[in-house]
Amino acid sequence: MDESKPKDECAQVTYNFKCSECGMNEETHYKGVSPPFSRKIQLKYPSYVMKDPFSPPGKGEILILGADCAICGKAVCISKQCSIFYLKTYCLKCVQNSMDKFPAEVTNKVKKS
Amino acid sequence: MDDKSRNHQRPSKRQRSPSHESKSGERHKLRKRSPLKQQEESEFSFLDYKRNLNKIITYSSDSNTVVNSLDDFWVFVKKYEMTLKKAGKPIIDNECDHNELNDIGIPINFSKHHCINFMSKMKYMESVYDEREKKKLDKKMFDSFLNIVSIYLDFKNKEKFEKLKKLRKAQSELPVTKYRDEIVAAVQNEKVVIVAGDTGCGKSTQVPQYLHVAGFQNIACTQPRRIACVSLSKRVAFEMLTQFETKVGYQIRFEKSKTADTKICFITEGLLLRQMSSENLPNYDVIILDEIHERHLMGDFLLGILKCLIHTRNDIKLVLMSATINIKLFEDYFSKESAVVIQVPGRLFPIELRYKPILIEDKPTRDDRLDPQPYVQIMQLIDSKYPSAERGDLLIFMSGVQEITTICDAAQQYAEKTKKWIILPLHSGLSLTEQDKVFDYPPEGVRKCIVSTNIAETSVTIDGIRFVVDSGKVKEMSYDSSTKMQRLKEFWISKASADQRKGRAGRTGPGVCYRIYSEEQYSDMEAFSTPEVSRVPLASLLLLMSSLGVNDVRRFPFIDTPPGEAIEDALLELKQHGALTSNEKLTALGKALASLPVDVSLAKALVVAAASLPAHKLDSALALAAALGIRSIYTTRAHRDFECENSRKPDESDHGDPVTLLSLYCAWLREKSRGGGRAWCKRRGLEEQRLYELTKLAAQLNTLLQDNNLKEAPEPETMSSAERALRHGQMKQLKDMRRQYKQKAAEESKRRKRLKVDSWEIIDDKDEDNTVDIRDIEFRMTNDASRIRALINGSSTNSGRDLIMLKLVLCRALYPQVAVADEYNHCKSVSEQLFHTWSKPFVFLHPTSIFGKNPRLLQLTDADVQTDEPFGYKSRQPLSSKHQILCYLSLLETTKPYIVNSMRMPAAQTLLLLAHSIDTNIGFTRLVCDSWLLLEFPYPESGLNLLMKAVKLRQRWEDLINRRLQDANPNKSVESELKKSNQTKTSYEELQYELSCDISSYINSDIYYTIKRCLPGDLKVMYVGPDEVHPTIDPNPFEQGFECRPHEKKGGVYVTDNIVFNCVVDTDWSYKSYEETYSLPWTCPDCELSVCLSPLERLQHKEFTCSSRMEKKDVQKKPIRENKPNTKEFECETCKVTLYLTPVEILKHKKACK
């Protein structure tokens, strides 16, 4: 029952998320590492989170769309074409600029694509 | 919340469900290969700890992705472990976390877990020893397991993310997307915007969203079809990611999902119109009219109303959306409002067009019968020309159901040979499940062949069509307003239609369109189809217009003005019904009729019933009007299948089709109260869906009658606490069932079913009966046992008096829709029985109607005919007291003109009570009704007495109805208030009861007469003419105070609004009979007076001078009956008094009497 309160509050505050790479543009409900509508999930890096639009409310399902790049700070979505995740979110541009700073296993994927 | 989800998962924890059983079986196999005790790392699997882990997962007391799809999660774990094993990696990883970071904070050592954003906060629990498995889950294992959970969460997140991306991509690829800014700017800056785009350009789903994002807060979007409202609202809600909210809703006849939060509402055209008529039009800021090119009656009318509305309401924007058909028409229509047109190109692939006309020499026979060969040949052509590996289905357009059946039969034969086709018919007469089949997939290498009416032209869109065959024909309803007959006829389609049909082949890829007609034929076609407004009855529309305040309907700015005569005829009809005054002002009755969403005549039946029937019997009229107001409850099988016909027999009524409908409905309700329904309907060839609709419509009409003060709201039913508890339990169960059904339906809708090659003919009965029927659940939710019982009681007409009243109520509403039998019917076969209506001579009984099957019911038997005629009277027509006429709902011409939905009524009694004009000779022996039917009453005084009774009853009935209407719309003046307090009125129940008793004795009166249809030649010599002046009659025994005035054409004088006295010429016998009556002294039956008087003088004596007149008034008042539904007439043996009591009261009375 007491779940409903924070939910309502979240509904009022929305965070506009727009991927600087692909232009994806959605309203999200939370930005941070511990989304209030799914208490058992913790994120490593503050991200834009929306309540999962494809499942009924109250089930604690979430959908992470992206995060601000750890280097340049621009918002970027989780699509492989736009970002990589390695403890933090990095936009592909920044990854390309500092290839040598990342382990090979990470940059290999970027080179391929 | 959490408690629930935990409960939900419990069974799986105990591993009782079969799916888990099978999994554990697999596990045993795995284990056999390895020694149990030696836990080698390579053989480790978390699946062995499932029980323990599930416990932890479900006890973590929060619902999340893993808990919500536990089964899916374990499948994932299994697959994940498999891949690890294949790669030779350990399942429990020993990576130690020495997180050395470089200068920009990136760990130097790679760990795949760093690639995952998710962490699960599930806590490790020192688990109890699993006795069976003898294995213990330690902390390290658990941490490793949490990593898998994280990977799963990440995997699921990506899945959903892709789904969202795919959705956005699809949206951005719609042709309309490019015009987004243009459309939004136009709506913001202009009053009227026309968006023209062909199907598939995305306008219906996207434009409302664009406007909502642009800041519009209350958007209404109309659709011609109910089903489109529901599906569009679902789709748009999904695209706006609000499918679990109510931001996007719909509103259709019996259903709405609209709430205060709703910003976009999909609504049917008819409903929006009704909102316009109510004072509180919701606060729309944009009204979108979609599919206006379809030119439905309501759509056209809405256009006109809104065209007027936007001049007074600056806060409303109007958006019109249409296919790219006849845009010019709409542009011109809104030229004064300077409408902006935005054209969106459709997304159509190239279509190859081939004309394949049927040449006359190719025709096997010369008759007009449809030859299916050209259609089968095209199927052969497709088979030979296109490899079956290339997908693509065939859509054939035919004009009607019969044609579809012919083609389907031939195509089916071909399909059975080749096994390459699945044949599916599609028309609106099919049940929804049958219709849905056209969306299912055929198996590999097999094509669907859909044979459809023009329903697939715009209404139903089927994907995957590559080939279209167009017969070029359509069956369309047209309407002749002078005879009030609808006509279903085959026409050539319009060019616009032909192009629309062609376009259906190019929706998913390049396609081919075969036209079974020549190019010349195409160029001869009309450019556009006839709009509905020129093809349908207009009475309901004009009444609605009038109630919306349109003062002169003739000057209403129709986009296409309907024919002038059609408007005049409809206005005349409304005047005859009393809905409009002679100078075309809306009457109180008209106002009441306009509020009821059924045909004018059915609405009138309801208002008349509300005044004349006691409250508990009103349900029968509601059910009857609803039954006649919906589409036919019979399936196509109902009249073909002998079994069906036979099983309906017990519930058929020889009174006619309407009464049969009512009795079938009651039987169905009884079946429902026993828990059945579906099989029962199937056996009788009835569409249960329609019966649910009937119930809903009757309930809606009931509410509307109450809202209009025409019916008192019922007292809340009292339930005992036990009943209430029982009902509560039932409701809970039903709600659960509904929830389950909806879940299942949602899952099912995701994957379309695969068709079987032989699925066409075999319908699996069992399968259908086992599934949950959502409509049944909903029916049971709104109607509890006692409600069903009340419905049955109210809807059935056991007693003769109730039935007479109900039939008369309907007949009064339908009048002048009556028909008389042709005089030679007795020597004709069943199918040749001819009838004549006032406006349309020579019509037939519809073969599926009760009388069509059994016309003897309408004929006189030899015993009915009086052969011993009074002296001097001779007539070719039979003299009888049993003549009957038919009262009918409508005329329909298909192969022949037919009477549809008819009911038999005693002729003279009905006519004298309901005819608009009755003309009589001086002796009241020859009466002409509506200048059409001549009734001759050879026995002296019999005609006079019957007419007199009819006049009095007509007045009393009229007064009752007027009083009802007056009470419904009270004039709140001081005078009327004073009046009210001064006179105590007799209760409605009392009046209704007395009226029904008198009417039923009147209807049953046994009077001999002949009936004859007057032809124009007869009418020429029927009337005296205006030359002979007749003195006014004073006092007027027909209507006291009515000032007589001569009739300017027929001669004679009006004695009431409906009766003209002494205008019908006499024949030899009637003159003699008059003289005789005059010359013989007459003795008043009430006083002892005996003098020579003419029939009229006798009337005057009885009414005004007879001495017994005074005493008459003092007739002892009958005991007041309380009209409880279960009261019965009861004559007490001890005190010899007739009382009306309930069974309990009877027992009490008996006790007291002793």
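Here are some notes:
- When the criteria are applied in full, B:SER582 fails the requirement of being polar (S, T, N, Q) and in a strand (DSSP E or B).
- Residue list for the range B:497-551, restricted to those being of a type in the set (Gly, Ala, Ser), without any contact (Cβ under 8 Å) to a residue 12 or more places away in the chain and within 30 Å of B:LYS484 (Cα to Cα): B:GLY549
- Among the residues of the range B:220-229, none qualifies, meaning not one is closer than 25 Å to A:LYS51 by Cβ and open to solvent by less than 10 Å² (accessible area, probe 1.4 Å).
- Of all the listed residues (B:GLY1041, B:GLY1051), the sole one being assigned to a loop (DSSP other than H, G, I, E, B) and modelled with pLDDT of 85 or more is B:GLY1051.
- Flag if B:THR262 is open to solvent by less than 20 Å² (accessible area, probe 1.4 Å), assigned to a loop (DSSP other than H, G, I, E, B) and either β-branched (Val, Ile, Thr) or at pLDDT below 95 (or both): yes
Residues checked against (1) within 47 Å of the chain's Cα centre (by Cα); (2) hydrophobic (A, V, I, L, M, F, W, C); (3) over 23 Å from B:SER875 (Cβ atoms); (4) not in a loop (DSSP other than H, G, I, E, B):
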{"site": "B:ASP1057", "(1), (2), (3), (4)": "yes, no, yes, no"}
{"site": "B:TYR1071", "(1), (2), (3), (4)": "no, no, no, yes"}
{"site": "B:TYR1078", "(1), (2), (3), (4)": "no, no, no, yes"}
{"site": "B:PRO1085", "(1), (2), (3), (4)": "no, no, yes, no"}
{"site": "B:GLU1088", "(1), (2), (3), (4)": "no, no, yes, no"}
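- Of B:LEU318, B:LEU271, B:LEU309, B:LEU303, all but one fail to be within 18 Å of B:PRO208 (Cβ to Cβ) and part of a helix (DSSP H, G or I); the exception is B:LEU271.
- One residue stands out in the range B:324-342 among those that are assigned to a loop (DSSP other than H, G, I, E, B) and charged (D, E, K, R): the one that is surrounded by the fewest Cβ atoms within 10 Å (Cβ to Cβ), namely B:LYS336.
- Matching residues, the range B:103-144, being at pLDDT below 75 and either surrounded by 13 or more Cβ atoms within 10 Å (Cβ to Cβ) or not assigned by TED's automatic domain parsing to the domain that holds B:PHE155 (or both): B:ILE104, B:MET125, B:SER127, B:ASP130, B:GLU133, B:LYS135, B:LYS136, B:LEU137
- Of the criteria (1) in contact with a Leu (Cβ under 9 Å, 6 or more places away or on another chain); (2) not in a helix (DSSP H, G or I), which one B:MET298 fails: (2)
- Considering residues of the range A:64-113 that are more than 10 Å from chain B (Cβ to nearest Cβ), open to solvent by less than 40 Å² (accessible area, probe 1.4 Å) and small (Gly, Ala, Ser) only, the residue farthest from B:MET119 (Cα to Cα): A:ALA75
- Set side by side, the residues B:LEU912, B:LEU935 differ, and just one is of a type outside the set (Ser, Thr, Tyr) and in a helix (DSSP H, G or I), which is B:LEU912.
- Pick from the range A:41-51, criterion under 13 Å from the mean Cα position of the chain (by Cα) and facing chain B (nearest Cβ under 7 Å), ranking: most open to solvent (accessible area, probe 1.4 Å): A:LYS44
- Scanning the range B:187-213 for residues that are of a type in the set (A, V, I, L, M, F, W, C) and open to solvent by 10 Å² or more (accessible area, probe 1.4 Å) gives a single hit, B:VAL213.
The values are calculated or read from the model by the stated rules, or taken from the named source; none is laboratory data. Being a predicted model, the structure only gives us computed values, none of them experimental. In this analysis, Cβ positions are derived from the backbone assuming ideal geometry, glycine residues included, and neighbour counts consider all displayed protein chains. What goes into the accessible areas is simple: the full protein's heavy atoms, side chains included, and nothing from ligands, DNA or RNA. Shrake-Rupley method; radii C 1.70, N 1.55, O 1.52, S 1.80 Å.
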